[in-house]
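Read the structure below first, then the notes.
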Amino acid sequence: MVRIFPSITVSVVRQVSNLRIDCKLAGTVTERDCNNVAPMCQLLLAQNHGVDLLLDISQLQHCSLLLLCKKLLVAAKHQDAFHHIAIFGGDSWQPVIAKLSQRWMIADVRHFHYRAEAISWLDSAS
């Protein structure tokens, strides 16, 4: 297995009618990693409504279940800020994340195996 250094990358894409946040999680992500980007994400959500999220977990190697639950709860607090959430990655456990998120979120949450599919869906849904 190739070692991937832990990272969280966040970029903002201004679309015609709304904002899309692209977030990529790679390697073994810790709570400290999440806390480093949290202020920027919270500011974006506070200033923009109707945000789409593209969540790339294709290179995520490990994330604790406790951390994942905490982040789902944070997302649920901001659920009215999201319109569509596309999660993509190829591991068998990743569609489960999308299904769990659907239970807590108002936004339309879907899982995709490929980035192009996810972006295409977000573009057509916006």
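Rule-based calculations on the coordinates, nothing more; no lab input. The shown structure was predicted, so the numbers you read here are calculated from the model rather than taken from an experiment. Reconstructed Cβ throughout: ideal geometry from the backbone, glycine too, with neighbour counts over all protein chains shown.
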- Tell me what the chain gives for mean residue ellipticity at 222 nm when only DSSP H runs of n ≥ 4 count, each as -39,500 (n - 2.57), the sum divided by the residue total, rounded to 500 deg cm²/dmol. -13000 deg cm²/dmol
- What nm value, rounded to one decimal, do you get for the distance between ALA38 and HIS78 when each label is placed 7 Å out toward the C-beta? 1.1 nm
- Query: Which whole-number percentage describes the relative contact order of the chain, with Cα contacts under 8 Å and a sequence gap of 6 or more?
  - Reply: 22 percent
- For the chain, what's the radius of gyration and Dmax over Cα atoms, in angstrom? 13.6, 41
- Query: Highest mean first, what order results for 7-17, 39-49, 23-33 on Cβ atoms within 10 Å?
  - Reply: 23-33, 39-49, 7-17
- Distance in nm between label sites at HIS62 and TRP93, each 7 Å beyond Cα in the beta-carbon direction? 1.0 nm
- Task: Enumerate the amide H contacts of VAL51 below 5 Å, restricted to partners 5 or more residues apart or on another chain; note that Pro and chain-start residues carry no placed amide H.
- Result: PHE82, HIS83
- Query: Taking 0.36 nm per intervening residue step and subtracting the Cα-Cα distance, what contour gain separates THR30 from ALA46 on full extension?
  - Reply: 3.4 nm
